[in-house]
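Worksheet: the structure to be examined is printed underneath.
No lab work stands behind these numbers, since they all come straight from the coordinates. Small disclaimer: the values here were computed from a predicted structure and weren't measured. A quick note on method: Cβ atoms are made from the backbone with ideal geometry, for glycine too, and the neighbour counts reach across all protein chains shown.
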Amino acid sequence: MILRLAVTGLGAIMAVAAALADPPELPRGRGDACVAPTDVMRREHMDFLLHQRDRTVHEGIRTARFSLSGCVDCHVQQNVDGSYIPVDAPEQFCDTCHRYASVKLDCFECHATTPSTGLSALAPGARDFAGILSFGGGPRPRPAGE
Ligand code: HEC
Ligand code: HEC
Ligand code: HEC
C-alpha cells in the first residue's frame, strides 16, 4: 500500500509539496474581507459563481453577493496611471491559480475583465446574447425585416 502510493503517487505528492513550498502569489483584494471566508472562497468560488449564474440566467434572480462583476471590482489591479489591468491577464488575480492548476475559463469572453456596472459589465457581443434571452426587460428591438 505504502509502496504503491510511493510509486503511483510520487509525482502528485511532489507537485503538492512544490505547491505548498511555492504557492502562487496573489494580489490582495480590496477591502477587509471577501464575500465569504477566504478559505471557503479558495475552495468553493467556482460553485458560488456557477450557481449564481444559473439563478440569474434561468430564474432571473439577481443578487450582488456572488456577482462576477463584484469579483472584478475588488480583485482588479491598476497600473500606475490608474488604468485597470484585466483580472484574467497573466499574473493577475483570476489567472494566477488557474494557470497553475490548468483551468481554462470562457467567462471573460462575455463578462468584462475590468470594473463597470450593470449590463455594460458584459462585453459588447454578450449584450446581443442577453437580448436574445430577453434579459433586462423584454425582447431586443429588431430592425424591420429581421
Ligand atoms: C456567451 C456569453 C457568456 C459566457 C461565456 C458566460 N456568461 Fe455569465 N452571463 C452572460 C449573460 C448574458 C448573463 C445575464 C446578465 C444579466 O442578465 O444580468 C450572465 C450572467 C452571469 C451571472 C449572474 C450575473 C452576476 O454577475 O451576478 C454570473 C455570476 C455569471 N454570468 C457567471 C459566469 C461565469 C462564472 C462564466 C464562466 C464559467 C460565465 N458567466 C460565462 C453571458 C455569458
Ligand atoms: C468587497 C471586495 C471583494 C469582493 C466583492 C470579492 N472579493 Fe475575493 N477577496 C477579497 C479580499 C479582501 C480577499 C483577501 C481576504 C484575506 O486575505 O483574508 C479575498 C480573497 C479571495 C480569494 C482567496 C485568495 C487567496 O488568498 O487564496 C478568492 C479565491 C476570491 N477572493 C475570489 C473571489 C470571487 C470569485 C469573487 C466574486 C464572487 C470575490 N472574490 C469577490 C475581496 C473581495
Ligand atoms: C486561490 C486560487 C484561485 C483564485 C485566486 C481564483 N481561482 Fe477560480 N479556480 C481555482 C481552481 C483550483 C479551480 C478548479 C477547481 C476544480 O477543478 O475543482 C478554479 C475554477 C474556477 C471556475 C470553474 C471553471 C470550470 O469550468 O469549472 C470558475 C468559474 C472560476 N474558477 C472563477 C474564478 C474567478 C472569476 C476568479 C477571479 C475573481 C478566480 N476564479 C480566482 C482557483 C482559483
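Couple of notes before you dig in:
- Efficiency of FRET from Cβ geometry, Asp32 and Asp106, R₀ 41 Å, rounded to 0.05: 0.85
- Summary of packing: across the peptides 24-35, 44-55, 83-94, the per-residue average of other C-beta atoms within 10 Å ranks them, highest first, as 83-94, 44-55, 24-35.
- Summing +1 for each Lys or Arg and -1 for each Asp or Glu among the other residues whose beta-carbon sits under 13 angstrom from that of Pro115 gives 0.
- Neighbour-count ranking [beta-carbon atoms within 10 angstrom, fewest first] of Thr114, Thr63: Thr63, Thr114
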